[in-house]
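Okay, structure first, notes after.
The values are calculated or read from the model by the stated rules, or taken from the named source; none is laboratory data. Everything numeric here is computed off the predicted structure, so don't read it as measured data. Positions of Cβ are generated from backbone atoms using ideal geometry, with glycine treated the same way; all protein chains shown enter the neighbour counts. Accessible surface areas use protein heavy atoms only, side chains included; no ligands, DNA or RNA. Shrake-Rupley method; radii C 1.70, N 1.55, O 1.52, S 1.80 Å.
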There are 2 protein chains.
Amino acid sequence: MPTSRPPLSTRRVLQAALALADSGGTDSLTMRHLGRELGVEAMSLYRHVANKDAVLDGIVDLVVAEIDLPGAEEDWKVTMRRRGEAAYRVLTRHPWAPPLLMSRTNTGPAMLRYIDFTLGVLRGAGFSWKLADYAWNTMDSFVYGYTLRRLAFPVAPADYAETAATHQHLLAGGEYPHMAELTRQVTLGHHPGDPDITFGLNLILDGLERLRDAEQAG
Amino acid sequence: MPTSRPPLSTRRVLQAALALADSGGTDSLTMRHLGRELGVEAMSLYRHVANKDAVLDGIVDLVVAEIDLPGAEEDWKVTMRRRGEAAYRVLTRHPWAPPLLMSRTNTGPAMLRYIDFTLGVLRGAGFSWKLADYAWNTMDSFVYGYTLRRLAFPVAPADYAETAATHQHLLAGGEYPHMAELTRQVTLGHHPGDPDITFGLNLILDGLERLRDAEQAG
DNA sequence: TTTGTAAGCTTACGACGTAAGCAAGGATGC
DNA sequence: GCATCCTTGCTTACGTCGTAAGCTTACAAA
């Protein structure tokens, strides 16, 4: 008679799955491993989740739910920038999540809430429905794309120069002259390597503002 | 004595793998299936590729190599826009590719050539090294993010209104008022749904141009 | 002829997701 | 108090995967 354990539930299964993914990535998230973590056989999990895909969908929505929706600031651009930065922070805290988030159609409640909030902010700032829709799609394409690229190229900004130096030989053949020179610039410390996500966010937000103004003027 | 077949080679293995992925997605790309396609046992493939990851890296670079580099136009913005559109077209022709492309560190020759070309265009347009680096990173984050989102939400523009109508019930609860209204707008035909990739490309390119001008003026 | 080497084959192992059915225990109806 | 059922978790098993280890065959060089 082992120590009695709390009974399983969908919620407990998903939370354990999230913890497992956080500690070892998607590879370590197997039904058997997840069962072991909960002190249970793998097949028992199927009483509480339909299949592994349901587990993946579930933990992705748990992550999305972690994204704080900023309060409604007076300035919509500030709100939107914070929203993008918050998403980036949360997604990089769970590096296994973005590939899942983007390669499956996700309509979990947290995601819907997130989108609804965004539409509200843009409408409040005077965007037409059409432009608001374009706007959040453009923002999110960038945020997710940026996050994924950052994760797939996991060089901390501080190490960038060093890594660049290491890869110099790849570029030495003269086949990629511009990359070679760019790498040299980074190595010399003339510029810091990858842009912060704020760079792109501001670029897009400024552009959207101009489009909104043109729309209102026209 | 079966019909003699051409001998295996890394190239032939990768081409067969590409064809297999194109016809049935990543799921159907298994070593055994790939061997069968080539009239060979699975283990024979390991004479020509290190392991399955090498196959995946290889076919991703084959896809990247399909992206036409536009000729150097007089207008850098036109060139850059075409570049983004070409990438989008190629990647949607191989819908299994973007998730792979973005979730593994890729430095295949086709990718390096693609980046080098882009840097050259931007430098030719008067961008500093730093701004050119930021610029292509921002562009590509958007292009890949947009492409992935588009693939994960595979509603052809023409079907959008219909799909929206189908999902109306999800929104009827009043929990997501802005989404509900947006959906209604789409259903009424007031706007066409998802933006074309050109919308975001132009937005970003205009913003980059302004930054370059400011840089040159400063 | 001998010998070396490369290409492909055979067998096998330890994962994986999950279908099918069983066992035990608590709740419910009489 | 007893019989019933339903819930929860367990056991066993199947087909699939990537790939390690070693074998066979055939041709080229000596």
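Quick notes on this structure:
- Residue match in the stretch A:129-137 (condition: out of contact with any Phe, Trp or Tyr (no Cβ under 9 Å at 6 or more places or on another chain) and surrounded by fewer than 18 Cβ atoms within 10 Å (Cβ to Cβ)): yes
Residue by residue, here is whether (1) within 14 Å of another protein chain (Cβ to nearest Cβ); (2) aromatic (Phe, Trp, Tyr); (3) open to solvent by less than 60 Å² (accessible area, probe 1.4 Å) holds:
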| residue | (1), (2), (3) |
| --- | --- |
| A:Gly71 | no, no, yes |
| A:Arg82 | no, no, no |
| A:Pro98 | yes, no, yes |
| A:Thr105 | yes, no, no |
| A:Ala110 | yes, no, yes |
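- Within the stretch B:2-38, restricting attention to residues that are within 9 Å of DNA strand D (Cβ to nearest atom) and of a type in the set (A, V, I, L, M), the residue that is nearest to the chain's Cα centre (by Cα) is B:Leu29.
- Test: residue in the stretch A:7-16 that is at pLDDT below 95 and either among the charged types (D, E, K, R) or in contact with a helix residue (DSSP H, G or I) (Cβ under 7 Å, 6 or more places away or on another chain) (or both): yes
- Evaluation of A:Gly218 against the conditions (1) modelled with pLDDT of 90 or more; (2) assigned by TED's automatic domain parsing to the domain that holds A:Asp140 shows that the sole unmet condition is (1).
- Applying the condition of being hydroxyl-bearing (Ser, Thr, Tyr) and over 28 Å from A:Ala152 (Cα atoms) to the stretch A:19-64 and asking which residue is least open to solvent (accessible area, probe 1.4 Å) yields A:Ser44.
- Helices (runs of 4 or more DSSP H) contained in the stretch A:5-119 and holding at least 3 residues of a type in the set (Gly, Ala, Ser): A:10-24, A:52-65, A:76-93
- Within the option set B:Ala72, B:Ala86, B:Ala50, being within 16 Å of DNA strand D (Cβ to nearest atom) and out of contact with any His (no Cβ under 9 Å at 6 or more places or on another chain) holds for one residue only, B:Ala50.
- Residue-level analysis places B:Thr92 outside the set of residues that are of a type in the set (Ser, Thr, Tyr), open to solvent by 60 Å² or more (accessible area, probe 1.4 Å) and either more than 14 Å from chain A (Cβ to nearest Cβ) or away from DNA strand C (no atom under 16 Å from the Cβ) (or both).
- Apart from one condition, A:Pro6 fits all of (1) open to solvent by 50 Å² or more (accessible area, probe 1.4 Å); (2) closer than 17 Å to A:Pro98 by Cβ; (3) more than 10 Å from DNA strand C (Cβ to nearest atom); the exception is (2).
- For the stretch B:192-215, the candidate set comprises residues that are open to solvent by 10 Å² or more (accessible area, probe 1.4 Å) and at pLDDT below 85; within that set, the residue that is farthest from A:Phe117 (Cα to Cα) is B:Pro192.
- Matching residues in the stretch B:112-125 - criterion: being open to solvent by less than 30 Å² (accessible area, probe 1.4 Å) and of a type outside the set (D, E, K, R): B:Leu112, B:Tyr114, B:Ile115, B:Thr118, B:Leu119, B:Gly120, B:Val121, B:Leu122, B:Ala125
- Scanning the stretch A:23-43 turns up at least one residue that is touching a residue at least 60 places away in the same chain (Cβ under 8 Å) and under 30 Å from A:Met139 (Cα atoms).
- Lone qualifier among B:Glu66, B:Glu41 - being within 10 Å of DNA strand D (Cβ to nearest atom), among the acidic types (Asp, Glu) and more than 14 Å from chain A (Cβ to nearest Cβ): B:Glu41
- Pair list, Cβ under 6 Å, 6 or more apart: the stretch A:84-111 residue among the β-branched types (Val, Ile, Thr), other residue at pLDDT 95 or above: A:Val90/A:Glu66; A:Val90/A:Ile67
- Residues that are part of a helix (DSSP H, G or I), touching a residue at least 24 places away in the same chain (Cβ under 8 Å) and over 21 Å from B:Ala135 (Cα atoms) within the stretch B:183-212 comprise B:Val186, B:Thr187, listed in sequence order.
- Wholly enclosed helices (runs of 4 or more DSSP H) of the stretch B:125-172 bearing at least 1 residues at pLDDT 95 or above and assigned by TED's automatic domain parsing to the domain that holds B:Val64: B:129-152
- Hits in the stretch B:51-74 - residues which are within 15 Å of B:Phe117 (Cα to Cα), modelled with pLDDT of 95 or more and not β-branched (Val, Ile, Thr): B:Ala65, B:Glu66
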